[in-house]
Amino acid sequence: MIQIVAAVLIWLLVICLLPGVRRRRDHSVLTAAITISVSLTLNIDQVYLGIDSVLGDRNLADLLANISMVVGIYFLSRAIIRAATPDETVGKRDRAGLLLLAVVMMGLAASFSAIVTQGSSTRFMVDYGDQSAAALYSSIQFVYIGYVVGVTGVTCFHFRGDMLRPYFRAAFTCIGVGCVFAVLLVILVLIMDILHLQGRLDAMRAISPVYDAAVVAAMFFLCFGLGIPPVARRVLRYRESVTEDELVSRLTKVWEKTTKKRQDVRLVRDTDVIRPQDRAERLHRMLVEVQDALLVEPGLGSSLDIHDLNVMNAAENYLAGPFVRQVPVRRRKGERAI
């Protein structure tokens, strides 16, 4: 059951990330989410047995799941750290990280090959965890995961206060908490591996419920934190589009009043088709033409009533606000990366 819950949580994150795939330049989070989803899905008993039977009933599905997990954790960590830190050099090719990942993958393959198995097992570490090779196999994976999520969590907590947007601060806080639970999970796994090698199965089983709770908590906070930015952006874009449509409609009446004698210099035409991404630009151009008309012919100001002036002020305030204004702050660039 715990495997199904974890897989469902990460697949929900994938669903949240998919709608914005065309707009994002960096797909590291989506790549990580899909890779981790594959890993967790392979841990579901029915899926595991089906895939492993195709691979010859040699538990290669377990190796595939664990390699998928470390690859996904790597890409996830890179995306989060790149989004959190203001240092642009973080976005460059991470040769050291890729080299470490390659070493870990080779270590997993080598230690797995030394484990003596007898047919497919949906409880791989329970059945074979008393072997030193199996303990090494598990330790390589989880020590790497612990190191990566530990660095990621520290980065999130360190830079979360620098985020301009509240939803980014909330996202990085949740991700940081998820990393804390993930580190706890790693510690529990290593303890369970040692207890298994020592034959202390009762102590190992006593820790198992805590391990299950840590898995769910880590996946929940990580998925929730990673899902906040794309969902928040979609909500904000919807609110912007509604506001822009309303302002364009209201400003059109003022624009027609003031520029009707200067139609030859109008940049905006009544017949123009407004694409969703052009609403703010059209609003800005209409406001500029109204202001230009009032500068050239000050007498036109007498034709505007208090309602018209309020509409102009509303348009100016909106265009100068945080939703449309392009502020040259490096933190904004980082915030858009996740």
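In degrees, nearest 10, range 0 to 90: what is the angle between the Cα axis of helix 306-319 and the longest Cα principal axis of the chain? Helix 306-319 sits roughly 30 degrees off the main axis of the chain.
Evaluate the distance, in nm, between pseudo-label points positioned 7 Å from the Cα of residue 133 and of residue 154 along their respective Cα→Cβ axes. With each label placed 7 Å out from Cα toward Cβ, I get 3.5 nm. With contacts taken as Cα pairs under 8 Å and at least 6 residues apart, the range 90-215 reaches a relative contact order of 24 percent. Computed over protein heavy atoms with a 1.4 angstrom probe, the accessible surface ordering of 58, 285, largest first, is 58, 285. Computed over the chain with a Gaussian network model linking Cα atoms closer than 10 Å, the most mobile of 126, 14, 288 is 288. Taking Cα atoms only, the orientation of helix 95-113 departs from the longest principal axis of the chain by about 30 degrees.
When the residues 318, 211, 238 are ordered by accessible surface, computed with a 1.4 Å probe over the protein chains alone, the sequence from largest down reads 238, 211, 318.
Between residue 292 and residue 99, the simple spin-label model (points 7 angstrom out along Cα→Cβ) gives 5.8 nm.
Take the Cα pairs of the chain, get the Kirkwood Rh, then feed it into Stokes-Einstein at 10 °C and 1.306 mPa s and tell me D in µm²/s. Estimated diffusion coefficient is 68 µm²/s.
Residues in the chain average 52 Å² of solvent-accessible surface per residue, probe 1.4 Å, ligands and nucleic acids excluded. Figure note: 221, 124 ranked by solvent-accessible area, largest first, 1.4 Å probe, ligands and nucleic acids not counted: 221, 124. Farthest towards the positive end of the charge dipole of the range 105-248, among the residues 176, 198, 163, is the Cα of 163, using unit charges on the Cβ of Lys, Arg, Asp and Glu. Surface calculation, 1.4 Å probe, protein heavy atoms: residue 184 sits at approximately 70 Å² accessible.
At a threshold of 8 angstrom on Cα-Cα distance, excluding pairs fewer than six apart, so keeping six or more, what relative contact order does the chain reach in percent? Taking the mean separation of contacting Cα pairs over the length of the chain, I get 19 percent.
Please give the solvent-accessible surface of residue 35 in Å², to the nearest 10, using a probe radius of 1.4 Å with every protein chain present. Surface accessible to solvent at residue 35 totals approximately 30 Å². Here each label is just a point 7 Å from Cα along the line to Cβ, and for residue 198 and residue 285 those points are 7.4 nm apart. Measuring nothing but protein heavy atoms, the accessible surface of the chain at 1.4 Å probe radius is 63 percent carbon and sulfur. Full extension of the chain between residue 306 and residue 191 gives 34.1 nm of extra length, using 0.36 nm per residue less the Cα-Cα distance.
A protection proxy built from the mean count of other Cβ atoms within 10 Å ranks the segments 249-255, 65-71, 5-11, most packed first, as 65-71, 5-11, 249-255. Please work out the FRET efficiency for the pair residue 123 and residue 55, using the Cβ-Cβ distance as r and a Förster radius of 25 Å; give the result to the nearest 0.05. The value I calculate is 0.90.
The values are calculated or read from the model by the stated rules, or taken from the named source; none is laboratory data. Quick caveat, the model's predicted, so the values are computed rather than measured. Every residue, glycine as well, gets a Cβ built from its backbone with ideal geometry; the counts of neighbours run over all protein chains shown. Surface areas here come from the heavy atoms of the whole protein model, side chains and all, with no ligands, DNA or RNA. Shrake-Rupley method; radii C 1.70, N 1.55, O 1.52, S 1.80 Å.
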